[in-house]
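To keep things clear, I will list the structure first and then write my remarks on it.
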Amino acid sequence: MHGYALENLHDYLQPGMRALDVGSGSGYLTACMAAMVGDSGRVVGIDHISELVENSRTALEQHYSDWMQSGRVKVVTGDGRKGYPDDAPYDCIHVGAASSRTPTELVEQLKAPGRMFVPVGSFSQHIVVYDKDRDGNVKEQRIMGVTYVPLTDPEKQRDDRFF
């Protein structure tokens, strides 16, 4: 699915662009995005599980220390449902867990033009691509049916009964 996401976000991951990776987990997709935006771009990975953030930060420091030191890649602990307004707006946003509805706080952090790739739904889920045009108008397109874990808070994710 990472490859499919990168393919859909390709035009918004060009050199010099900014990207947000919500639910960045291991940091793998964050690193792929950073490779695409180049030295003049920036990618922020955000996850609400601090241990995942520390593990991804360690791995990224080990393999891409220059990216971390230059600010090309930044990994933070936070509530990805709210995005990361400190570095907004973003040319593109990838979300790695299903939002129950249109994630309006994330749409607001998209540049115009910009694109977001996100699974949406509860029981029935679809990858939805939100495109914001130059005038700030947003269009959405369902790409395909999927099954993702829900975009939630750390307490629910850590609760064994949740799954």
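The values are calculated or read from the model by the stated rules, or taken from the named source; none is laboratory data. Given the structure is predicted, the values throughout are model-derived calculations rather than measurements. Here the Cβ is made from the backbone with ideal geometry for all residues, glycine too, and neighbour counts use every protein chain on show. Calculation scope for accessible area: heavy atoms of the full protein, side chains included, ligands and nucleic acids excluded. Shrake-Rupley method; radii C 1.70, N 1.55, O 1.52, S 1.80 Å.
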Computed P(r) (all Cα pairs; region 1-122; 10 Å bins; percent): 15, 50, 31, 3
Paramagnetic reach from residue 54 in region 60-77 [backbone N under 12 Å; point 7 Å along Cα→Cβ]: none
Kyte-Doolittle at least 1.6, axis length at least 20 Å by Cα - qualifying DSSP helices, the chain: none
Helical mean residue ellipticity (222 nm; -39500 (n - 2.57) per DSSP H run of 4+; nearest 500) of the chain: -9000 deg cm²/dmol
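Taking only protein heavy atoms into account and a 1.4 Å probe, give the accessible area per residue of the chain in Å². Write out the running numbers ahead of the final one.
Numbers: 8480 Å² over 163 residues.
Heavy-atom accessible area per residue stands at 52 Å².
Note the count of lysine pairs whose C-alpha atoms are less than 22 angstrom apart in the chain, limited to pairs 8 or more residues apart or on different chains. Present the calculation step by step, with values, prior to reporting the outcome.
Working: 74/82; 74/111; 82/111; 82/132; 82/139; 82/156; 111/132; 111/139.
Close lysine pairs found across the chain: 8.
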Per-residue HN-Hα couplings for region 138-146 [Karplus 6.51, -1.76, 1.60; θ = phi - 60°; Hz; x = Gly/Pro]: 10, 10, 10, 9, 6, 9, 6, x, 8
Other-chain or far-sequence residues with amide H under 5 Å of residue 100's (modelled H): 121, 151
DSSP beta bridges in region 1-130 [antiparallel fraction, %, rounded to 5]: 20
